[in-house]
Amino acid sequence: MYNILLTVDTASVDWARAQFALTAAYHWLFVPLTLGLALIMGIMETVYYRTRSTFWLGVSKFWQRLFGVNFAMGVATGIILEFEFGTNWSNYSWFVGDIFGAPLAVEGIVAFFMESTFVAVMFFGWKKVSAGFHLASTWLTGLGATISAWWILVANAWMQCPVGCEFNPDTVRNEMTSFADVALSPFAIDKFLHTVISSWIVGAVFVVAVSCWYMLRRRHKELSVASIKVASVVGIAASLLAMGTGDMSAVKVAETQPMKLAAMEALYDGGSGVGLTAVAAVNPFCQPDYASGGEPPLRIAIPSGLSFLATHSADGYVPGINDILRGYVRADGTVEPSVREKMARGRRAVDALASYRRLMAQTPRDEAALAACRKQLDADMRYFGYGYVSDDADVVPFVPVCFYAFRVMVGLGTLLLLFFLVVGHIAFRSDVSRPRWLHISALVMLPLAYVASEAGWIVAEMGRQPWAIQDMMPTWAAVSDIGSSSVIVTFFLFLVLFTTLLVTEISIMCRLIAKGPEAVCGDGTPTDEAA
C-alpha cells in the first residue's frame, strides 16, 4: 500500500466517497427514529405496566408498530454500509481491519442479535408472555439498538481519533494494543452521547408531528395529547443534553482535529479570545482564499465565543487554517509542526517502511539496516498519512460545507428546543388540541429535525477530510484498486434501491398513521377484539 499514490484513480476515490456518503445519508434517515422511538415507546409501555390501562396499551402498540417498520429499513441499509468497507475501501480494511473490525464484530454478534431477539417478543409476545417480561423485551430492544449504535460510533470515533493501536511493519497493518482504549476513548464517549441524544430529539419531533396531524384531522385526541406530553418532555430533556454533549464534543475536536474546527468557523488566522461566528458571507460554491488571511466578509460574531467553546476559557488560543498549515504552539507549550514538515516526515516513514520490507525479503538479513529502518519508522510513524499528501492545501476540508452545515445543525437544534418548550407549556398548561398554528408548525419541524441530524454528520465527516483515518491514511490511499465504472454502476443501483426503500417506508408509515391505533385509547377507538 505504500506505493498507492502511483496507481490511484482519482475518479474511483470520488465515486467511492460519493457511494459511501449516499449509503450513510440514507441509513441515517432510519437510525435516529429507531433510537428515538425506542426510548419513547419504552416510557409509554412502562406507564401501561404501572397503570394496566387499556388506553396506554393502545398507545404503546401504536408507536411500536411504527418503530418496527423503521427498524426493518434501517437494518437493510446498515448491512450494505458495512460491506462497502470491503468492496470500495479494501486498502483501508487491510491497513486497520484488526482494529476497526473488532467493534463491528461485537456489534454484529452481541447487539444485533440482542435487539433482533427481543424485537420479536415485543411484537408477537403480547398475549404469550407476562406483562413484565414484555416490558423488559421492549426496553431490551431499545437497549440493543443503542448498544449497536455504541459499537458503530466507537468504530467511527476511532477513525476521527485513532488510539489503542500500534503499527506492525512485518504485516503492514495497525494492530490493537488495548481494546479498552478503543472502546472507551473520550472521543467515542462524547460522540456516542451526542449522537444518541440527538436521535431522541428526532423521535420526539416525530411523535409530536404525528399527534398534531391527528389534531388537525380531529382524530384520536386523547392519544395525541398523551403522546405530545411524553414526547415534549423527552424533547426538552434531549435538547438540553445535546447542547451539553455538543460542548464536550467541541473541546475534543479542538484538541484532536483543529483543522475541522477552523473549517467549521471559516477561521483563517486564529489567536486568543476568538469570537464565535453567528453569520458570515462565506461563498458556498468555492474554497475561500484562506492564504490571504483575515475574516470572511460581513461577519457577525459572539466575542470570545469560539475560544470559550473550544477551550472553556475566554482567552483560550484557537488556531486558524493558516496557523495549522504553518505550524503553531499549543496551549500546553508543545510545538505543532507545519503541514509541510509533516509531509516530509511522512515520506520518510513511507520510505523507511518500503526499505524495511525490501530488507526483510533478503537472505541473509541485514539486522543493523533493519533496526535503522525500524527506528526511522517509529520516529515518523505518527505522520505516516502525510507521506501520501502532495500539497498542503489538500489537508484543508471544503470550508463552505463545514461552515454552513455547522450553523444549520446548531440553528435548527436551538429552534427545536424552543419548539419543545412551547409545545410542552401548552400541553401541560392549556389545551394542545386547539392552536392550529402549533399543529402546522409540528409538521414543518419534522423534516427540519432530519435536516439538523444529517447536517451534524456532514460536519463530522466532511470536517475530517481528506482523512479516512485522521493523520494516518488519506482517502486516496484507502480506496480499493477498482475502476470507477464499477463504482458508478453500483452508486446508481444503490440510489434507486435506497430511494425505493425510503418511499416504501414513508408509504407504509403513512398508511399505518392514517389507520390509527388498534387498541382502545380512551376516545372510542375500537380494539381489534372489539372490532
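Among the residues of region 214-224, those that are assigned to a helix (DSSP H, G or I) and crowded, with 20+ Cβ neighbours inside 10 Å comprise Tyr214, Met215, Leu223, Ser224. The test for being among the polar types (S, T, N, Q), without any contact (Cβ under 8 Å) to a residue 40 or more places away in the chain, more than 19 Å from Trp467 (Cβ to Cβ) and open to solvent by 30 Å² or more (accessible area, probe 1.4 Å) does not hold for Ser272. Taken together, the criteria exclude Gly86 from residues that are in contact with a Lys or Arg (Cβ under 8 Å, 6 or more places away or on another chain), open to solvent by 10 Å² or more (accessible area, probe 1.4 Å) and not acidic (Asp, Glu). Please indicate, with yes or no, whether at least one residue in region 159-182 is more than 22 Å from Thr46 (Cβ to Cβ), part of a helix (DSSP H, G or I), in contact with a helix residue (DSSP H, G or I) (Cβ under 8 Å, 6 or more places away or on another chain) and charged (D, E, K, R). Scanning region 159-182 turns up no residue that is more than 22 Å from Thr46 (Cβ to Cβ), part of a helix (DSSP H, G or I), in contact with a helix residue (DSSP H, G or I) (Cβ under 8 Å, 6 or more places away or on another chain) and charged (D, E, K, R).
Conditions (1) within 14 Å of Ile426 (Cβ to Cβ); (2) of a type in the set (Asp, Glu), marked per residue:
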{"site": "Trp200", "(1), (2)": "no, no"}
{"site": "Val205", "(1), (2)": "no, no"}
{"site": "Ala209", "(1), (2)": "no, no"}
{"site": "Glu222", "(1), (2)": "no, yes"}
{"site": "Lys229", "(1), (2)": "yes, no"}
{"site": "Val233", "(1), (2)": "yes, no"}
{"site": "Ser239", "(1), (2)": "no, no"}
{"site": "Ala242", "(1), (2)": "no, no"}
{"site": "Asp247", "(1), (2)": "no, yes"}
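A single member of Leu438, Leu412 is open to solvent by less than 20 Å² (accessible area, probe 1.4 Å), assigned to a helix (DSSP H, G or I) and either out of contact with any strand residue (DSSP E or B) (no Cβ under 7 Å at 6 or more places or on another chain) or touching a residue at least 40 places away in the same chain (Cβ under 8 Å) (or both), and it is Leu438. Taking the listed residues Asp351, Asp378, Asp323, Asp332, the one that is outside any helix (DSSP H, G or I), modelled with pLDDT under 95 and either open to solvent by 70 Å² or more (accessible area, probe 1.4 Å) or not hydrophobic (A, V, I, L, M, F, W, C) (or both) is Asp332, with no other qualifying. Annotation note: Cβ proximity below 6 Å between a residue of region 160-175 that is at positive phi and a residue that is modelled with pLDDT under 90 and open to solvent by less than 30 Å² (accessible area, probe 1.4 Å) (sequence gap 6+ or interchain) occurs for no pair.
Contact map, region 486-504: residues that are over 11 Å from Ile80 (Cβ atoms) paired with residues that are outside any helix (DSSP H, G or I) and among the polar types (S, T, N, Q), Cβ distance under 7 Å, separation 6+ or inter-chain. Pairs shown: Val487/Asn88.
Checked against the criterion of being at pLDDT below 90, among the hydrophobic types (A, V, I, L, M, F, W, C) and in contact with a helix residue (DSSP H, G or I) (Cβ under 9 Å, 6 or more places away or on another chain), the candidates Ala102, Ala131 yield just one match: Ala102. Checking each residue in region 456-482 for being open to solvent by 20 Å² or more (accessible area, probe 1.4 Å) and of a type in the set (S, T, N, Q) picks out Gln465, Gln470.
Among residues of region 507-528 that are of a type in the set (Asp, Glu), those with a beta-carbon under 6 Å from a residue that is at pLDDT below 50 and assigned to a loop (DSSP other than H, G, I, E, B) at least six positions away or on a different chain give the pairs Glu518/Asp528. Summed over region 92-129, the residues that are open to solvent by 50 Å² or more (accessible area, probe 1.4 Å) and in contact (Cβ under 8 Å) with a residue 60 or more places away in the chain give a count of 3.
Restricting attention to region 498-530, the residues being at pLDDT below 60 and more than 15 Å from Trp63 (Cβ to Cβ) number 9.
Contact map, region 318-345: first residue more than 20 Å from Gly305 (Cβ to Cβ), second residue in a helix (DSSP H, G or I) and charged (D, E, K, R), Cβ cut-off under 6 Å, separation 6 or more or different chains; pairs are Leu325/Asp392; Ser338/Arg326; Val339/Asp392; Arg340/Asp392; Arg345/Asp380.
Within region 200-246, can you find the residues that are on the phi < 0 side of the Ramachandran plot and basic (Lys, Arg)? Answer for region 200-246, where residues must be on the phi < 0 side of the Ramachandran plot and basic (Lys, Arg): Arg217, Arg219, Lys221, Lys229. Exactly one residue out of Ala280, Ala301, Ala266 is in contact (Cβ under 8 Å) with a residue 12 or more places away in the chain, open to solvent by 30 Å² or more (accessible area, probe 1.4 Å), farther than 28 Å from Phe192 by Cβ and among the small types (Gly, Ala, Ser), and it is Ala301.
Scan region 199-210 and tell me whether some residue there is outside any helix (DSSP H, G or I), in contact (Cβ under 8 Å) with a residue 60 or more places away in the chain and surrounded by fewer than 24 Cβ atoms within 10 Å (Cβ to Cβ). No, because not a single residue in region 199-210 is outside any helix (DSSP H, G or I), in contact (Cβ under 8 Å) with a residue 60 or more places away in the chain and surrounded by fewer than 24 Cβ atoms within 10 Å (Cβ to Cβ).
The values are calculated or read from the model by the stated rules, or taken from the named source; none is laboratory data. What you are looking at is a predicted structure, and each value in this text was computed from that prediction instead of being measured. All Cβ positions, even for glycine, are placed from backbone atoms using ideal geometry, and neighbour counts span all protein chains on display. Just the protein is used for accessible areas: all its heavy atoms, side chains included, with ligands, DNA and RNA removed. Shrake-Rupley method; radii C 1.70, N 1.55, O 1.52, S 1.80 Å.
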